[in-house]
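Here the structure comes first, spelled out in structure tokens, and everything after it is commentary.
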Amino acid sequence: EAAMAALRDGAIGYGEALGDAGLRARIARSYGEKYGVEVSHERVIVTTGSSGGFLLTFLAAFDPGARIAVALPGYPAYANILAALGLEAVGVDVGPETRFAPTAAMLEAAHRDKKLDGALLMSPANPTGAMIEAEEFARICAFCDEAKIVLVSDEIYHGLEYAAPAQSALRHSRRAIVVNSFSKYYAMTGWRLGWLIAPQELMRPLERLQQSLAICAPTLSQKAALAAFDASEELEANRAVYAQNRALLIERLPRMGLGDFAPPDGAFYIYADVSRFTDDSTAFCRRMLHEAGVAATPGLDFDPRRGARTLRLSYAGAAADVAEGVERLEAWLLGRR
């Protein structure tokens, strides 16, 4: 409705490179409301999705050849964007021993092996749904500050937690760069709108890059995003559906032989071990799609070293659709035994 009103008024010209002033102020205010952290609107830049935010961040914060730690399994576009910009993604293996979350000790070990310039972490994570515990997150932030490693915290799935609330890096560090988006909790994927919270000294470089690469984030999307902050009832109803779907999968997957999965603390994914069925998750997912009518993502997309034995299931759909998918998957898997 806010977007339609803006269209009727013709208020869809170019905007400010850093974003609409009202939206920047509302984003800044949300950090006090959610995390008890005071953030100035002057440290907020509105971006073309989190993807645009990553491009701006990597260009502003790192020189070509910089080494950036990323967790494996992890979001595959990280490595692709870093490679395209001449930066090196340094894989840090995470697994059940740390509940699939990176630790300060892991970053310290990688840094000792060869100097890191940055660390890119996501909590809750894609594909695992795992979250970094609050005390460990504080240790990670302290280590990165001490070692002068630029911490980039991807907080795109904040708001989609099911046990404990997610921690923002801003609670523990003023040097961290936070990336977030309206795509997940706010369910605005196609509007292509995100934001950054950055140290003040990076704001002018970020603004200049935005002016050259995008001019500004989509004006119409910003009108809608400002209204989305007042849609909490609808957004929480979405989250309740995800929680229902999550509970169904946690209950039913073990019956199918898929009981070995990462803890889905947040987001809307389950990352499961399928080694009892296959050592080729790509072929397995292809067969699952064509034979059972269920789509999943092979683990190799997220972990080129170990992903042939895993896959990711998303439970972001409507409850009836997810329930039907569970029935189809169970029938197919039990029929293969």
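The values are calculated or read from the model by the stated rules, or taken from the named source; none is laboratory data. Everything numeric here is computed off the predicted structure, so don't read it as measured data. Cβ sites come from the backbone with ideal geometry, for glycine too, and all protein chains shown count toward neighbours. For the accessible areas, the whole protein counts, side chains as well, though only heavy atoms, and no ligand, DNA or RNA atoms are used. Shrake-Rupley method; radii C 1.70, N 1.55, O 1.52, S 1.80 Å.
Summary table below
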| item | result |
| --- | --- |
| Extreme residue, nearest to the chain's Cα centre (by Cα), among residues of region 189-217 that are over 21 Å from Arg29 (Cα atoms) and assigned to a loop (DSSP other than H, G, I, E, B) | Arg192 |
| The listed residue being at pLDDT 95 or above, open to solvent by 60 Å² or more (accessible area, probe 1.4 Å) and over 17 Å from Gly95 (Cα atoms), out of Ala292, Ala320 | Ala320 |
| Leading residue by the ranking (least open to solvent (accessible area, probe 1.4 Å)) among those in region 269-284 that are outside any loop (DSSP other than H, G, I, E, B) and farther than 25 Å from Val92 by Cα | Phe284 |
| Considering residues of region 146-204 that are open to solvent by 60 Å² or more (accessible area, probe 1.4 Å) and among the charged types (D, E, K, R) only, the residue farthest from Gly118 (Cα to Cα) | Arg192 |
| Helices (runs of 4 or more DSSP H) wholly inside region 2-101 containing at least 3 residues that are within 19 Å of Ile156 (Cα to Cα), open to solvent by less than 40 Å² (accessible area, probe 1.4 Å) and at pLDDT 95 or above | 21-35, 49-61, 76-84 |
| Whichever residue in region 109-144 is open to solvent by 40 Å² or more (accessible area, probe 1.4 Å) and of a type in the set (Gly, Ala, Ser) and, among such residues, is farthest from Leu82 (Cα to Cα) | Ala134 |
| Close pairs (9 angstrom Cβ cut-off, 6 or more residues apart or separate chains): free of Cβ contacts under 8 Å to residues at least 24 places away in the same chain in region 278-291, open to solvent by less than 100 Å² (accessible area, probe 1.4 Å) and of a type in the set (Val, Ile, Thr) anywhere | Arg287/Thr278 |
| Test set (1) open to solvent by less than 20 Å² (accessible area, probe 1.4 Å); (2) more than 21 Å from Arg99 (Cα to Cα); (3) in contact with a helix residue (DSSP H, G or I) (Cβ under 6 Å, 6 or more places away or on another chain); (4) without any contact (Cβ under 8 Å) to a residue 60 or more places away in the chain - Ala228 fails condition number | (3) |
